[in-house]
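Some notes on the structure that comes next.
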Amino acid sequence: MSEQEILVFTEAASERIRTFIAEDPAEGLVVRVSIQNASPIAPEYEMALIEPFERESEDESFDAAGFEVIVDSRSAALLAGTRVDWVESLQGSGFHFRNPNIQPLGSGSLDGPLVDRVRRVIDEQINPGVASHGGTVHLVEIRDNVVYVTMGGGCQGCGMASVTLTQGIKQMIKDAAPEIVDVQDVTDHAAGSSPYYA
C-alpha cells in the first residue's frame, strides 16, 4: 500500500511528530500507528515512537513528511484513507483521527421498515413505562442488526439502567423485531444529574 492508501498526515500533525522525534535521544525512531479498538462508540488509536528493533515482520512501512511510519497488517485495512491531524482546543491537545472506515454512531440513516418497528416499540411501549420514573429512551442507530440507544432523564445514571435494558427494553425490541441480535446502551451515565435510583 502507498502512503495515500494508509494514512495522510496534516502539516500540523507532521510538524508535531518531527518535533517529538527531534527531542528523543534514541536513533532511528519510526512512528507506529495502530487501531486498538474499532468500536463505532469509541474507536481507540495508538501512535508511538518505536526503535528499529521493535518492528514486526508483517508491518507495512511508508515515508511521510520527514519520518517513517509503520502500521501492523491487522490495522492497515482499518486505517486506509485515515487523516491524522494535530488539534489544540480548550479540552487539551492531541492527535485526531478522521477515519472513513469507522462511522460514528448516529451517522447512519434512521429510515426503513426495521427502524420504524423499533421506533414504534420505543415510543409506544418503552417510553411510557420509563416515563413514570422521569426517564426516556432514544434510538441512536441500528447497525448490523444491533440497536443502539441512549437513556435520558431519570434513566441517565440510574443504578437500575442495565436491568431496565436487559430485562425490559431488549426483550420488547426483540419481540417486535426478531432479527435484532442485541440492544446496546451508549449513554454517558456518569453525566446523569437526577437518576431515579442513585
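Restricting the search to the stretch 3-18, which residues are open to solvent by 50 Å² or more (accessible area, probe 1.4 Å) and assigned to a helix (DSSP H, G or I)? Across the stretch 3-18, the qualifying residues are 3, 4, 5, 11, 15, 16, 18. Select, from 147, 130, 163, 118, the only residue that is in contact with a Cys (Cβ under 8 Å, 6 or more places away or on another chain) and of a type in the set (A, V, I, L, M). Of the residues listed, the single one that is in contact with a Cys (Cβ under 8 Å, 6 or more places away or on another chain) and of a type in the set (A, V, I, L, M) is 130.
A single entry from 163, 118, 140 fulfils the requirement of being surrounded by 15 or more Cβ atoms within 10 Å (Cβ to Cβ) and at pLDDT below 90: 140.
Taken as a whole, the condition of being touching a strand residue (DSSP E or B) at 6+ places or on another chain (Cβ under 7 Å), open to solvent by 50 Å² or more (accessible area, probe 1.4 Å) and either under 24 Å from residue 104 (Cα atoms) or not polar (S, T, N, Q) (or both) does not apply to residue 32. A single member of 49, 7 is within 20 Å of the chain's Cα centre (by Cα) and touching a residue at least 24 places away in the same chain (Cβ under 8 Å), and it is 7.
Against the test of being open to solvent by 70 Å² or more (accessible area, probe 1.4 Å), within 30 Å of residue 139 (Cα to Cα) and not in a loop (DSSP other than H, G, I, E, B), the options 74, 83 yield a single qualifying residue, 83.
State whether one or more residues within the stretch 122-139 are more than 30 Å from residue 57 (Cα to Cα), outside any helix (DSSP H, G or I), in contact with a Gly (Cβ under 6 Å, 6 or more places away or on another chain) and of a type in the set (A, V, I, L, M). Checked the stretch 122-139: no residue is more than 30 Å from residue 57 (Cα to Cα), outside any helix (DSSP H, G or I), in contact with a Gly (Cβ under 6 Å, 6 or more places away or on another chain) and of a type in the set (A, V, I, L, M).
The values are calculated or read from the model by the stated rules, or taken from the named source; none is laboratory data. Remember, it's a predicted structure, so these values are computed and weren't measured experimentally. Virtual Cβ from ideal backbone geometry, glycine too; neighbours counted across all protein chains shown. Areas reflect the complete protein model, heavy atoms only, side chains present, ligands, DNA and RNA absent. Shrake-Rupley method; radii C 1.70, N 1.55, O 1.52, S 1.80 Å.
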